[in-house]
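A.B. asks: Sharing a structure here in C-alpha cells format.
Every number in this text was worked out from the coordinates using simple rules, so none of it is lab data. Please read all numbers here as calculations on a predicted model, not as lab measurements. Note that we place each Cβ from the backbone using ideal geometry, even for glycine, and neighbour counts take in every protein chain shown.
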Amino acid sequence: MKAPMNDYLAELLEICGEDDGAVADYIPELAGADPDRFAVAIATLDGQVYSAGDADVEFTIQSISKPFTYAMAIHDQGLAGVLERIDVEPSGDAFNEISLEPSTGRPRNPMINAGAIAAHALVAGDDADKRSERIVDLYSRLAGRDLSVDEQVFESELSTSDRNMAIAYMLKTVGTLTDDPADVVRGYIRQCSVSVTVEDLARMASVLAANGVAPDGTRVLEPGVTRQVLSVMATCGMYDAAGDWLTTVGIPAKSGVAGGLIGVLPGQVGIAVFSPRLDEHGNSSRGVRTFEKLSADMGLHLMEAPESARSVVRVPKAQADDAPSVHEVAGDLRFIEAERVLRGLEAEPEDDGVVVIDLHRVHRVHDVARRMLLEGIRRLRIDGHEVRLVDPDGLLPDPDVDVSEPGDDTPSEDYTPQVFDTVDDALDA
Ligand code: GLU
C-alpha cells in the first residue's frame with residue numbers, strides 16, 4: 001500500500017503553495033536561496049517520518065536553534081540559574097530588537113536574539129568553539145544523524161553581524177555576559193548556521209514532543225526542560241506574531257529566517273515546514289499557511305479538548321451484599337480518572353467486604369493518580385475493607401499504606417493489598 005500520509009502531505013503543499021512573501025536578505029548568503037523550495041515533514045514519537053516536496057534540500061536552522069540551545073543552557077545551569085539571566089515574557093518586538101527589560105536588565109525571552117545570545121553563553125564550554133561543538137552534538141542527537149555548520153552562511157552572517165554584536169555588548173554592560181561578546185556572537189552564529197533538512201527538523205521537534213526521549217528510547221532532554229522549552233515556544237516562538245499563531249494554529253512553534261518552521265504537539269508529533277519566502281513578521285509565509293491547514297484538518301490545536309477521553313473508569317453496579325465489587329480503569333490514570341475512581345470508592349459502604357481495583361487495562365499511572373489511589377486504599381482499609389489489586393504489569397509498585405490512627409503515641413501500621421494478575425484470580429482468592 002502507498003503511504004496515505006505522504007499523499008496527504010503532497011496535497012497540502014499544493015493547496016498552500018501560493019508564492020507570497022520575500023526571502024530574507026540581511027544575511028547575504030540567504031538572499032541567494034531558491035524561493036520556490038517547499039517541503040513538509042511529520043515525525044512520530046517512534047521514529048516514523050513522512051514528508052513531501054523538497055525534503056532533502058538543506059538550509060540553515062537559524063532561529064529554530066534557539067529552543068534547543070535554551071534547553072542545553074537549562075541542562076547546564078539549572079532552570080533557576082537561567083531564569084536569573086533570561087525572562088520568559090513575550091516581547092511583541094522584532095526578533096533583533098536591542099532592548100532589555102527595564103526593571104531587571106534581562107532579555108525578555110530566549111526566542112529573541114538578546115535572550116538567545118545570552119542562552120548560548122550559558123552553555124558550558126570554555127570558548128565559542130567548544131560551546132558550538134557541544135551544541136551541534138546535541139542537535140545531531142535530536143536529529144538522529146551528524147549535522148554540521150554551513151561555513152558559507154556562517155561567514156556571510158558573521159560579516160554582517162553588527163546588530164547581534166550590539167546586542168551582545170549591551171548584555172555585557174548589564175553583566176549578563178561575562179565572556180568576550182564578539183566570541184559569544186561567533187558561537188551563536190555558528191549555532192544558527194547548522195545545516196538541516198525539513199526531516200531533520202521534524203525529528204528534532206518530535207523529541208521535544210516525546211518529553212525529551214528519542215525514538216530509540218534514549219533520553220536526550222529532561223522532562224522538566226522540555227516543558228519549559230515548549231512553554232516558551234508557545235508564547236514567544238513566532239516573533240511578534242506569537243499571539244495570532246497560538247490562537248489560530250495552537251501548537252508550540254519556532255521559525256527561522258531561512259524559511260524553516262517547526263511545531264511540537266506534545267505527546268503526538270513533531271512537524272516541520274521549509275519555504276524561504278517570509279511574511280511581514282519574518283515567518284515562512286507558506287509555512288504558516290501549511291500549519292494553519294494541518295492544524296485545522298487534523299484537529300491539532302492544543303486548546304481544543306478531545307471529545308472523548310481516552311481513559312475509561314467503570315464504577316461497579318450494586319451487587320449482592322457479600323459479593324466483592326470491582327472498580328475497573330482503562331487507559332491512562334491521571335488526576336481526572338483517579339478522581340472518578342475515588343468517587344466510586346467513596347460509595348463503598350463501611351464494612352469488611354472485598355473491594356477489587358482492576359488496573360489490568362491501564363497503561364500508565366501518573367504520580368498524582370498513584371497518590372490518590374493509595375489514599376483511596378488507605379481509607380477503604382480504615383473502613384474495614386480488604387482491598388485486592390489486579391495489576392499484572394506492576395504499574396502501582398509498593399502499594400503499602402499507613403493505616404495507623406493519627407496521634408502521637410500510635411505506632412505506625414502498614415497495610416499492603418494483595419496483588420493479582422487477573423480479575424478472576426482476585427475474585428477467587
Ligand atoms: N542568525 C539569525 C540572526 O541572529 C537568526 C534570526 C532568525 O532566524 O530569526 O539574525
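A.B. asks: Among LEU342, GLY217, ILE251, whose Cα sits farthest toward the positive end of the charge dipole of segment 184-343 (+1 at Cβ of Lys/Arg, -1 at Cβ of Asp/Glu, about the Cα centre)?
C.D. replies: So the residue we want is GLY217.
A.B. asks: For segment 1-99, state which trypsin sites (Lys or Arg not before Pro) are in a DSSP loop and have at most 12 other beta carbons lying within 10 Å of their beta carbon.
C.D. replies: Sparse-neighbourhood loop trypsin sites (Lys or Arg not before Pro): LYS2.
A.B. asks: Using unit Cβ charges (K, R positive; D, E negative) and no other charged atoms, how large, in debye to the nearest 20, is the dipole of the chain about its Cα centre?
C.D. replies: 1100 debye
A.B. asks: Counting other beta carbons within 10 Å of each residue's own, what order do PHE274, PHE154, PHE68, PHE335 fall into, fewest first?
C.D. replies: So the ranking, lowest neighbour count to highest, is PHE335, PHE154, PHE68, PHE274.
A.B. asks: Ok, one more. Could you work out the local net charge near GLU199, counting Lys and Arg as +1, Asp and Glu as -1, over the other residues with Cβ closer than 12 Å to its Cβ?
C.D. replies: Its environment carries a net charge of -2.
A.B. asks: To continue, here is another question. Which order results if MET372, MET233 are arranged by neighbouring Cβ count within 10 Å, fewest first?
C.D. replies: Ascending Cβ contact count within 10 Å gives the list MET372, MET233.
A.B. asks: Please report the relative contact order for the chain, taking Cα pairs under 8 Å with a sequence separation of at least 6, and give it as a percent rounded to a whole number.
C.D. replies: It rounds to 16 percent for the chain.
A.B. asks: Then there's this: Compare the peptides 258-264, 392-398 by average per-residue count of other Cβ atoms within 10 angstrom and give them in order, highest first.
C.D. replies: By packing density, highest mean first, the sequence is 258-264, 392-398.
A.B. asks: Sequence-distant or interchain residues sharing an amide H contact under 5 Å with HIS363, placed H: which?
C.D. replies: GLY331, ASP332, LEU333
A.B. asks: Moving on to the next point. Out of LEU278, ILE117, THR44, whose Cα points farthest toward the positive end of the dipole of the chain (charges: +1 Lys, Arg; -1 Asp, Glu; placed on Cβ)?
C.D. replies: Value computed over the given set: LEU278.
A.B. asks: Using only helices, what value at 222 nm comes out for the chain when you add -39,500 (n - 2.57) per DSSP H run of length 4 or more and divide by the total residues, to the nearest 500 deg cm²/dmol?
C.D. replies: Result for the chain, helices only: -12500 deg cm²/dmol.
A.B. asks: Another one. Given a cut-off of under 8 Å on Cα pairs at least six residues apart, what relative contact order in percent is computed for segment 207-319?
C.D. replies: 21 percent
A.B. asks: Taking the DSSP beta bridges in the chain as the whole, what percent of them are antiparallel, to the nearest 5?
C.D. replies: Expressed as a percentage, antiparallel bridges in the chain total about 65.
A.B. asks: Further question: Using θ = phi - 60° and the Karplus curve 6.51 cos²θ - 1.76 cosθ + 1.60, what whole-Hz ³J(HN,Hα) does each residue of segment 420-429 get, with Gly and Pro shown as x?
C.D. replies: Result, rounded to whole Hz: 10, 7, 10, 5, 4, 4, 5, 6, 7, 4.
A.B. asks: How high is the relative contact order of segment 1-100, in percent, with contacts defined as C-alpha pairs under 8 Å that are six or more residues apart?
C.D. replies: 20 percent.
A.B. asks: Now a separate question. Express in nm, to one decimal, how much length is gained between TYR26 and ASP398 on full extension, taking 0.36 nm for each residue of separation and deducting their alpha carbon distance.
C.D. replies: Extra length available between TYR26 and ASP398 comes to 127.9 nm.
A.B. asks: Can you give the net charge of the other residues whose Cβ lies under 15 Å from the Cβ of LEU294, counting K and R as +1 and D and E as -1?
C.D. replies: Combined, the nearby Lys, Arg, Asp and Glu give -3.
A.B. asks: Note the per residue figure in Å³ for the convex hull of the C-alpha positions in the chain.
C.D. replies: Once divided by residue count, the hull of the chain is 181 Å³.
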